[in-house]
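The values are calculated or read from the model by the stated rules, or taken from the named source; none is laboratory data. Keep in mind that what you see is a predicted model, and the values were worked out from it rather than measured. Note that we place each Cβ from the backbone using ideal geometry, even for glycine, and neighbour counts take in every protein chain shown.
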Amino acid sequence: MKQIVIISGKGGTGKTVMTGAFAALAKNKVMADCDVDAADLHLLLQPNIKERHEFKSGQTASIDKKICQQCGQCIVVCRFNAINQDFTVDPISCEGCAFCSHICPVQAIRMEENIAGEWFISETRFGPMVHAKLGIAEENSGKLVSLVRSQAKELAEKEGCDWVIIDGAPGISCPVIASLSGIDCALVVTEPTLTGLHDALRVIDVARHFDVAVKLVINKYDLNTEMSQKIEEYCNKNGIFLIGKIAFDKSVTEAMIEGKTILEYKDTRIKDEVVKIWEELRDLKKGLGYE
Amino acid sequence: MIISVASGKGGTGKTTVAVNLALSIDNVQFLDCDVEEPNARIFLKPHLNNQKKAYIPVPHIDESRCDYCGKCAKVCAYHAIAVFPSQEAKIGTTLVFENLCHGCGACSALCPREAIKEVNREIGVVESGPCGKIEFVHGKLNVGEAMSPPLIRQVKERINPEKTVIIDVPPGTSCPVVASVRGSDFCVLVTEPTPFGLNDLILAVEVLRKLKIAFGVVINCADLGNDLTEKYCRQENIPILMKIPFKKEIAMAYSKGEPMIKVFPEYKKEFAIIYERMTGRIK
């Protein structure tokens, strides 16, 4: 069983559209949406939720006003400015370190477990999917990503699947790092813009930092062919495997509006391009590209 | 006045709106808080003449004082310390996993033998400098670093209250976004009128309502998609500040790192108008 993650550094380059297409193309797989704080894959795959679980993570301080003597030590030690002058806790600032509860001389502070989101096991027209919804303005998205991934992997092993295909988050920090551990190949989707390239290179550095093999796709390459050319040259020079290029096509948005993957929508040339990329990625399995 | 530019979904045009807004009004300080992928500098080309490394405090164990009592490991909510007590001839060990540390300071303050002091661990850099009349500051997180909020807070320590501060916010709805938008007087949410854009816009709206920050929406690539985003905004009484059509020339300028108002100077007036609308809303 191989695990593939689709990441980008920069947001909006086409990760989820790509992942959706792979859902339609790959056989015998589990899909996982690890962009847990702005998940969109469900809009293409319309999962039918079979199991729903709470995601408990971290703690928040709570001050018992009846016991509190307002000595102020908690306010002094809290580095996250989470305790207000009236001895109430600002739950958004509280990082759950519990320093206040340890320092309180009258034990007026209790740490309460957070429910930081939900995760789901679902069925889609392309097979099983594991996904999640981080609570609004919550922390620990990395932990939720790890949870979604371990559930997806378990499911794939149980059902004897060949693939776990993971939609990743933008950026380079905890949710992305959590989506890279134990991955066989990271597909980085970029666009022919200076920012797209800059951000892709940052995330490629992160993937390499964690010893994950990387393949690059240039999406919407014809929006600036000169820049695409430059990216290609850069890849050649720096040993980055460019696996394919996809043209800009308004049908991507049209398919999205109909809740379909681009594979299920009308025939376009980008369909062939995406199929080619998937086949290449699939065949790398035979020992070629997964370093 | 502090204006943040956020979106939920990535790639909708936050940086475009933030940069062009900054170039259309006077007396601006620009803060790029997307420290994972800071790329406003590509458009503004500031002269970054000031660099300051950013650190967070992490525990350092003085082995000569430590008696492996295990108190630090017990109080650490992030499992960043492990203590192996001494056994017969074998001397104990206290291990610190710096990547997991949030820098709360509980371990060092609560150690009964004062065996823990805090040392700095580098997580990135805060760089600043002028670009024309704009004061520019951004943070750049080190590769492999998991936590961005401490660096975002250090970027925000540079806020100049004499200026109109424009903050470029990372995508998403979790802690880095909260760290960036908190304290703003107004937040511009940039979206695109697609199902993905709308889904993530709704999440971003929930964040701002929870934080009680006033906001309005800019619809980018307004002609690619459907009208559900506008309907949603009307229903929810959210002001639509501006609509930017999809134009190949805009995409082309963006791809080369050129601000949109260089190609379409007429937008300068529009950005100045939305700034006026924002100040009006705050009053």
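Looking only at the range B:41-58, residues that are of a type in the set (A, V, I, L, M) and closer than 25 Å to B:Gly257 by Cα come to 3 in all. Screening the range A:135-147 for residues that are modelled with pLDDT of 95 or more and in contact with a strand residue (DSSP E or B) (Cβ under 9 Å, 6 or more places away or on another chain) and picking the one that is nearest to B:Gly11 (Cα to Cα) gives A:Val145. Taking first residues from the range B:159-175 that are at the interface with chain A (Cβ under 7 Å from one of its Cβ atoms) and partners that are of a type in the set (Lys, Arg) and not in a loop (DSSP other than H, G, I, E, B), the Cβ contacts under 8 Å between residues at least 6 apart in sequence or on separate chains come to B:Pro171/B:Lys14.
Only residues that are of a type in the set (S, T, N, Q), away from chain A (no Cβ under 12 Å) and part of a loop (DSSP other than H, G, I, E, B): list them for the range B:1-37, please. Matches in the range B:1-37: B:Asn27 only. Condition test on B:Val181, is it within 14 Å of chain A (Cβ to nearest Cβ) and either surrounded by fewer than 23 Cβ atoms within 10 Å (Cβ to Cβ) or hydroxyl-bearing (Ser, Thr, Tyr) (or both)? Against the criterion (within 14 Å of chain A (Cβ to nearest Cβ) and either surrounded by fewer than 23 Cβ atoms within 10 Å (Cβ to Cβ) or hydroxyl-bearing (Ser, Thr, Tyr) (or both)), B:Val181 does not qualify. Please determine, by comparing only the residues of the range B:207-217 that are farther than 19 Å from A:Pro91 by Cα and crowded, with 23+ Cβ neighbours inside 10 Å, which one is farthest from the other protein chains (Cβ to nearest Cβ). Step by step, filter the range B:207-217, then rank; the result is B:Val217.
When B:Cys72 is tested against (1) surrounded by fewer than 20 Cβ atoms within 10 Å (Cβ to Cβ); (2) outside any strand (DSSP E or B), exactly one condition is not met: (1).
Of the residues making up the range A:226-247, those that are free of Cβ contacts under 8 Å to residues at least 24 places away in the same chain and in contact with a strand residue (DSSP E or B) (Cβ under 7 Å, 6 or more places away or on another chain) are A:Glu232, A:Cys235. No other residue among A:Ser122, A:Ser173, A:Ser150 is without any contact (Cβ under 8 Å) to a residue 40 or more places away in the chain, touching a strand residue (DSSP E or B) at 6+ places or on another chain (Cβ under 8 Å) and either surrounded by fewer than 24 Cβ atoms within 10 Å (Cβ to Cβ) or closer than 27 Å to B:Leu141 by Cβ (or both) apart from A:Ser173.
Tallying residues that are assigned to a loop (DSSP other than H, G, I, E, B) and more than 25 Å from the chain's Cα centre (by Cα) within the range B:228-276 yields 7. With B:Lys52, B:Lys45 as the choices, which residue is in contact (Cβ under 8 Å) with a residue 12 or more places away in the chain, exposed (fewer than 15 other Cβ atoms within 10 Å of the Cβ) and closer than 30 Å to A:Lys15 by Cβ? Residue meeting the stated conditions: B:Lys45. For the range B:185-206, the set of residues classified as touching a residue at least 60 places away in the same chain (Cβ under 8 Å), buried (at least 24 other Cβ atoms within 10 Å of the Cβ) and part of a loop (DSSP other than H, G, I, E, B) consists of B:Glu192 only. A:Ile246 is checked against (1) out of contact with any Asp or Glu (no Cβ under 8 Å at 6 or more places or on another chain); (2) closer than 18 Å to B:Met252 by Cα; (3) among the β-branched types (Val, Ile, Thr) and fails just one. What number does that condition carry? Here A:Ile246 clears every test but (1).
Taking the conditions (1) surrounded by fewer than 23 Cβ atoms within 10 Å (Cβ to Cβ); (2) within 11 Å of chain A (Cβ to nearest Cβ); (3) touching a helix residue (DSSP H, G or I) at 6+ places or on another chain (Cβ under 8 Å); (4) modelled with pLDDT of 95 or more in turn, B:Asn142 satisfies each one other than (3).
Taking the conditions exactly as written (surrounded by 15 or more Cβ atoms within 10 Å (Cβ to Cβ), in contact with a Phe, Trp or Tyr (Cβ under 9 Å, 6 or more places away or on another chain) and over 24 Å from B:Gln29 (Cβ atoms)), does B:Ile261 satisfy them or not? It is false that B:Ile261 is surrounded by 15 or more Cβ atoms within 10 Å (Cβ to Cβ), in contact with a Phe, Trp or Tyr (Cβ under 9 Å, 6 or more places away or on another chain) and over 24 Å from B:Gln29 (Cβ atoms). Only one of the numbered conditions (1) hydroxyl-bearing (Ser, Thr, Tyr); (2) within 29 Å of A:Pro47 (Cα to Cα); (3) assigned to a helix (DSSP H, G or I) is violated by A:Thr261, and that is (3).
Condition check ((1) more than 10 Å from chain B (Cβ to nearest Cβ); (2) at pLDDT below 95) across all residues:
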position	(1), (2)
A:Leu223	no, yes
A:Ile231	yes, no
A:Gly239	yes, yes
A:Trp278	yes, no
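Just one of the numbered conditions (1) at pLDDT 95 or above; (2) not in a strand (DSSP E or B) is not true of B:Gly172: (1). Quickly run through the range B:112-121 and pick out the residues that are within 14 Å of chain A (Cβ to nearest Cβ) and surrounded by fewer than 22 Cβ atoms within 10 Å (Cβ to Cβ). Hits for the range B:112-121 are B:Pro112, B:Glu118.
So that you can scan it fast, the table gives a plain yes or no per residue for (1) part of a helix (DSSP H, G or I); (2) under 18 Å from A:Asn81 (Cα atoms); (3) not acidic (Asp, Glu):
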| site | (1), (2), (3) |
| --- | --- |
| A:Cys97 | no, yes, yes |
| A:His102 | yes, yes, yes |
| A:Pro105 | no, no, yes |
| A:Ile115 | no, no, yes |
| A:Ile121 | no, no, yes |
| A:Met129 | no, no, yes |
| A:Ala132 | no, no, yes |
| A:Ile136 | no, no, yes |
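When A:Val212, A:Val206 are screened for being in contact (Cβ under 8 Å) with a residue 24 or more places away in the chain, under 30 Å from B:Leu100 (Cα atoms) and away from chain B (no Cβ under 11 Å), only A:Val212 passes. The residues of the range B:225-244 that are among the aliphatic types (A, V, I, L, M) and either away from chain A (no Cβ under 14 Å) or buried (at least 17 other Cβ atoms within 10 Å of the Cβ) (or both), listed by number, are B:Ile238, B:Ile240, B:Leu241, B:Met242, B:Ile244.
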